[in-house]
1. Filter segment 1-37 for residues that are assigned to a strand (DSSP E or B) and surrounded by fewer than 16 Cβ atoms within 10 Å (Cβ to Cβ) and give the result.
2. So which residues in segment 41-80 are within 24 Å of P26 (Cα to Cα) and of a type in the set (S, T, N, Q), if there are any at all?
3. Do the conditions hold for E35, that is, is it touching a Ser or Thr at 6+ places or on another chain (Cβ under 8 Å), more than 18 Å from A98 (Cα to Cα) and touching a residue at least 60 places away in the same chain (Cβ under 8 Å)?
4. Would you say E78 is out of contact with any His (no Cβ under 6 Å at 6 or more places or on another chain), touching a residue at least 40 places away in the same chain (Cβ under 8 Å), farther than 26 Å from A4 by Cβ and not aliphatic (A, V, I, L, M)?
5. Scan segment 27-49 for residues that are over 16 Å from the mean Cα position of the chain (by Cα) and within 18 Å of K91 (Cα to Cα) and report the count.
6. Could you please find all residues in segment 38-53 being surrounded by fewer than 17 Cβ atoms within 10 Å (Cβ to Cβ) and in contact (Cβ under 8 Å) with a residue 24 or more places away in the chain?
7. Would you confirm, using the coordinates I've provided, whether G58 is crowded, with 20+ Cβ neighbours inside 10 Å and touching an Asp or Glu at 6+ places or on another chain (Cβ under 9 Å)?
8. Can you name the condition, by its number, that Y52 falls short on among (1) at pLDDT 90 or above; (2) among the hydroxyl-bearing types (S, T, Y); (3) under 14 Å from the mean Cα position of the chain (by Cα)?
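The values are calculated or read from the model by the stated rules, or taken from the named source; none is laboratory data. Fair warning: this is a prediction, and the values are worked out from it, not measured in the lab. Cβ placement follows ideal geometry from the backbone for every residue including glycine, while neighbour counts extend to all protein chains displayed.
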Amino acid sequence: MAAAHAFGVPTNSVPELFPYGIYAIPEISTVGQSEEELTAAGVPYEVGKANYREIARGQIIGDRTGFLKVIFHLESYEILGVHIIGEGASKLIHIGQAVMVFKGKSNTSSILYSIIPHSQNAIKQQLLTESTDWADTPHERASADVTRR
């Protein structure tokens, strides 16, 4: 938008699914709607959260405080927001953005594969359905942290 403004090119606004990143320690990235926005709009949603300390890559890099939060619609399971705090957040946010651009549902993770260990596993762990039927292992089902709103 700044470049368009500098050259006098008209723009309407920031695209709906524009990812934001703050390069700090820890990194912070977000795409989509927040819980506050959804609550104010009366949208029913659920939240899935994965802590970096619970995934292999988080343990390898020593990130004990990072986490990922996925917000999805309670009835349609469409992903409404992804929010990440921790090392590599500005890289991981694009996976959530890509799923959202293609109107992915919370069970989309069953088709996401990555090299293990990778921080992407936090996203896979939390892109889940209400019953977590998609989970590949009993451990993934047991470690799913879901909060209904």
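1. Keep residues of segment 1-37 that are assigned to a strand (DSSP E or B), which gives 20-22, 28-32.
Within segment 1-37, Y20, I22 qualify.
2. Once the filter is applied, which keeps residues that are within 24 Å of P26 (Cα to Cα) and of a type in the set (S, T, N, Q), segment 41-80 yields N51, Q59, T65.
3. For E35, the condition - touching a Ser or Thr at 6+ places or on another chain (Cβ under 8 Å), more than 18 Å from A98 (Cα to Cα) and touching a residue at least 60 places away in the same chain (Cβ under 8 Å) - is not met.
4. Working: out of contact with any His (no Cβ under 6 Å at 6 or more places or on another chain): yes; touching a residue at least 40 places away in the same chain (Cβ under 8 Å): no; farther than 26 Å from A4 by Cβ: yes; not aliphatic (A, V, I, L, M): yes.
For E78, the condition - out of contact with any His (no Cβ under 6 Å at 6 or more places or on another chain), touching a residue at least 40 places away in the same chain (Cβ under 8 Å), farther than 26 Å from A4 by Cβ and not aliphatic (A, V, I, L, M) - is not met.
5. Going through segment 27-49 one residue at a time, the tally reaches 0.
6. Step one: filter segment 38-53 for residues surrounded by fewer than 17 Cβ atoms within 10 Å (Cβ to Cβ), giving 39-44, 53.
Hits for segment 38-53 are T39, V43, P44.
7. Details: crowded, with 20+ Cβ neighbours inside 10 Å: yes; touching an Asp or Glu at 6+ places or on another chain (Cβ under 9 Å): yes.
It is true that G58 is crowded, with 20+ Cβ neighbours inside 10 Å and touching an Asp or Glu at 6+ places or on another chain (Cβ under 9 Å).
8. Failed condition: (1).
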